[in-house]
1. Under unit Cβ charges (Lys, Arg +1; Asp, Glu -1), what dipole magnitude, rounded to 20 debye, does the range 69-109 have relative to its Cα centre?
2. Using the count of nearby Cβ atoms within 10 Å as a rough guide to exposure, how do 245, 262 rank from fewest to most?
3. Quick one: if the Förster radius is 22 Å, what FRET efficiency do residue 60 and residue 146 give, using the C-beta to C-beta distance and rounding to 0.05?
4. In whole Å, what three semi-axes, largest first, describe the equivalent ellipsoid of the range 139-247 built from its Cα gyration tensor (square root of 5 times each eigenvalue)?
5. Could you give the nm distance between label points at residue 119 and residue 176, where each point is 7 Å from its Cα heading toward the beta carbon?
6. What FRET efficiency do you get for residue 135 and residue 185 if R0 is 51 Å and r is their Cβ-Cβ distance, rounded to the nearest 0.05?
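No value in this document is a laboratory result; all are computed from the given coordinates. Not measured: the values here are computed from a predicted model. Please note: Cβ atoms are built from the backbone with ideal geometry, for glycine as well, and neighbour counts cover all protein chains shown.
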Amino acid sequence: MRDAGWIRVVAGVLIFALAGLSHAGDADGEGADPKPRDPHAYAEGRDFGPMRPHFADEATYASFWAEQFELQWNDGDRSGVWDVQAWYGYDYDRAVFKSEGAREGSDFREVRSELLWSHALAPFWDMQLGIRHDTGGGPRRSWLAFGVQGLAPYWFEVEATAYAGPGGRHAARLDLSYELLFTQRLILEPQLEMDYYTRSDPLRHVGQGLSEASVGLRLRYEFRREFAPYVGIEHARRFGATADLLRQAGDPVRETAVVAGLRFWF
């Protein structure tokens, strides 16, 4: 019975992936093409010659995206928080680097870094496989990572990832966000993040079961699509065994922070 929650989390990851693939196939009101992102599917054997990399989706590109780059204020304490992604590669296959964490003074806490291979499954969905490395806030931990990232029906942005670590440790992470457009430049973005672990890790203040959930609201103004300052609020809560570990250490299990930052990409 202790693994029932873990099974539900894994099932949820698969449901999101299948729902996204179904959405991709119905985007134009028709069934999905067997290879919807194949640049040669409709070429009838023709070639682009020396211009092939650019016209056949075979050129390499790179991008850096800072979804969150902000300061948070909570009961007089201030911390710097980031959530960034960078990738390099082709339309089908890319190397992806993700990093998320916080810094208080000179100390880093809860830093999560991932290096992934990302493969396009459909116009709206990528499969990702690689490694995750945790630092800050205790001993370092490493995991194998497998997940999906994409656009679910009704325009929800989804990152759903399952992790496998040494000693039979497993984890899952779900990140959902949605954009509410007041105007073409003024946008409110609600976001939900959840973490689940199958085994406790007291040295990192992580307990078995649903460990943490956070809900945020950020209002940004896009001077350009690539440059958008924002303000907002975020509430985080720890549950179950994780909350018990934090209480024993004298740390709070609920935190509400005011945030201000910059969202940018290039």
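1. The dipole magnitude comes to about 120 debye.
2. Working: 245 21, 262 13.
Ranked by crowding around the Cβ, least crowded first: 262, 245.
3. Computed FRET efficiency for residue 60 and residue 146: 0.35.
4. Working: eigenvalues 201, 55, 26 Å².
Here the semi-axes work out to 32, 17, 11 Å.
5. 2.8 nm
6. 0.85
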